[in-house]
Structures are given as C-alpha cells and as structure tokens.
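Here the structure comes first, spelled out in structure tokens, and everything after it is commentary.
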Amino acid sequence: PNWNVVHEGSQIEFRLKTLGGKADSLIRFTVKQGLEDDMKFDSTGYFEWVPSYDLADRTNTQKSIQLIVEAKNSYNETATRSFDLRVIHVNRPPQIDILKPFYIQNRTQNIYQIDPNALKDEDNDPLAIIPVTETLPEGAKLSAAGELTWHPSMTQFNNLKNKPIYIDFHVED
C-alpha cells in the first residue's frame, strides 16, 4: 500500500517486474509517457526520483504524475501499464536572516519595522510574526506584520543603557 506516494524532497525508488510471457526472455522496460527530466529509469525497470518542492503547494497539497510504461521481451511480446505517482506537499519552515538593531529614543514613540527581506519562505507562503509576550517590554507591541512600537518609561530607558533587551518572536507560515 502507498508504494506510489512520495513527499516532496524525499526519494522514491522501486523496480518493475513482469508476470507471464516467455520465462527465458530478457525484459526491457521503457517509459512511453510522463518521465520528468529529474526521474531516473533504466531498461531493467529500476526507477528513482526525488520530487522537487515546487510540485505541490499549500492549497494544492497533492499532485499526481502519470507514467505509462511498456515492457517488451526478446520475442516482441509487449505489455503496457500506467500508474500514478502521488506527490505530497512538504511545508518548509520560514527562515530569518540577521535583523538590524533597534535603537530607542527617550520621550518618543519608537517604531521599528522588521525588514521583510530578512524573512524568507521557500514555499512562498504568507508569513505572520507572533511575539513571545514574556520577552516583550511592558508597553511594547509587535504586530503580525512585524511592526514594533514602544514608548519606554524613563526607568526602562535608563535600564537600556546598561543592559540591552532581546525580544523573541516566531515566524509562522
């Protein structure tokens, strides 16, 4: 069961066999339709493939690839079969590059926008920023779009002179 199901980025491999025909005959396999450039298939029926991450996506979570294979023996007897390979989408996690420091000014509303170019999702999923509220200074707000706003109190500002604050957040796709 599920021999024909593979996740994006994972390898699927198998060897085709035949039943019937002349027993002493050499069988040669060929793919008549559906072979992709990155698929490996040889005349002995050995198949190997690692589907790329762009075949399915978050809205179309599966993609079927149909192969039509012909087996031919040395007596010119042939058999043709088709089968589907079902590729399942794999959601890759977003990546965060290095962010610029956020320098605070006293007695003003400070606004910092997380650079959208520093956030990457190889699946092109929309991203949302989720603050870890335990590390967010009192009075600060971090939006899902990555805008941090904070008007620090005098005590908070003075404490920053001696010890920087690190704000944690998650990026979800």
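The values are calculated or read from the model by the stated rules, or taken from the named source; none is laboratory data. Everything numeric here is computed off the predicted structure, so don't read it as measured data. In this analysis, Cβ positions are derived from the backbone assuming ideal geometry, glycine residues included, and neighbour counts consider all displayed protein chains. What goes into the accessible areas is simple: the full protein's heavy atoms, side chains included, and nothing from ligands, DNA or RNA. Shrake-Rupley method; radii C 1.70, N 1.55, O 1.52, S 1.80 Å.
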For the cross-link pairs Lys40/Lys120; Lys32/Lys120; Lys22/Lys63; Lys100/Lys141; Lys141/Lys163, which exceed 28 Å when the distance is taken from alpha carbon to alpha carbon? Lys40/Lys120; Lys32/Lys120; Lys22/Lys63
Tabulate in residue order the Karplus-calculated ³J(HN,Hα) for the stretch 119-130, using 6.51 cos²θ - 1.76 cosθ + 1.60 with θ = phi - 60°, rounded to whole Hz; enter x for Gly and Pro. 9, 10, 10, 5, 8, 6, 6, x, 10, 10, 9, 10
Tell me which residues come under 5 Å, amide H to amide H, from Tyr46 once H is placed; ignore anything under 5 positions away on its chain. Leu16
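Only Lys, Arg, Asp and Glu count, each charged at its Cβ (+1, +1, -1, -1), so figure out the dipole size of the stretch 76-154 about its Cα centre, rounded to 20 debye.
220 debye
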Tell me which residues come under 5 Å, amide H to amide H, from Leu55 once H is placed; ignore anything under 5 positions away on its chain. none
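Largest first, what is the accessible-area ranking of Asp97, Asp54 with a 1.4 Å probe? Spell out each step's value before the answer.
Numbers: Asp97 80, Asp54 120 Å².
Correct descending sequence by accessible area is Asp54, Asp97.
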Tabulate in residue order the Karplus-calculated ³J(HN,Hα) for the stretch 96-112, using 6.51 cos²θ - 1.76 cosθ + 1.60 with θ = phi - 60°, rounded to whole Hz; enter x for Gly and Pro. 10, 7, 5, 9, 6, x, 10, 8, 9, 10, 7, 6, 8, 7, 9, 10, 10
Long-range amide H partners of Val5, meaning residues 5 or more apart or on another chain whose placed amide H is closer than 5 Å, are Arg86
For the stretch 56-173, accessible area per residue (1.4 Å probe, heavy atoms of protein chains only), Å²: 68 Å²
Karplus ³J(HN,Hα) for the stretch 57-70 (6.51 cos²θ - 1.76 cosθ + 1.60, θ = phi - 60°; Hz, whole; x = Gly/Pro) runs 8, 5, 8, 10, 6, 9, 9, 9, 10, 9, 10, 10, 10, 10
Just to be sure I understand the model, the point goes 7 Å from the Cα along the line to the Cβ. What's the resulting Glu48 to Ile130 distance in nm? 3.9 nm
Distance between Cα centroids, the stretch 86-114 to the stretch 124-144: provide it in whole Å. 9 Å
So if I place +1 on the C-beta of Lys and Arg and -1 on the C-beta of Asp and Glu, and nothing else carries charge, what would the dipole magnitude of the chain be about its Cα centre? I want it in debye, nearest 20. 140 debye
What spacing in nm lies between the two simple spin-label points modelled at His170 and Thr108, each 7 Å away from Cα in the Cβ direction? 3.4 nm
Among Val171, Ile129, Gly20, the residue whose Cα sits farthest towards the positive end of the charge dipole of the chain (+1 at Cβ of Lys and Arg, -1 at Cβ of Asp and Glu, taken about the Cα centre) is Gly20
With all protein chains present, the stretch 33-173 has a carbon and sulfur share of its accessible area (1.4 Å probe) in percent of 48 percent
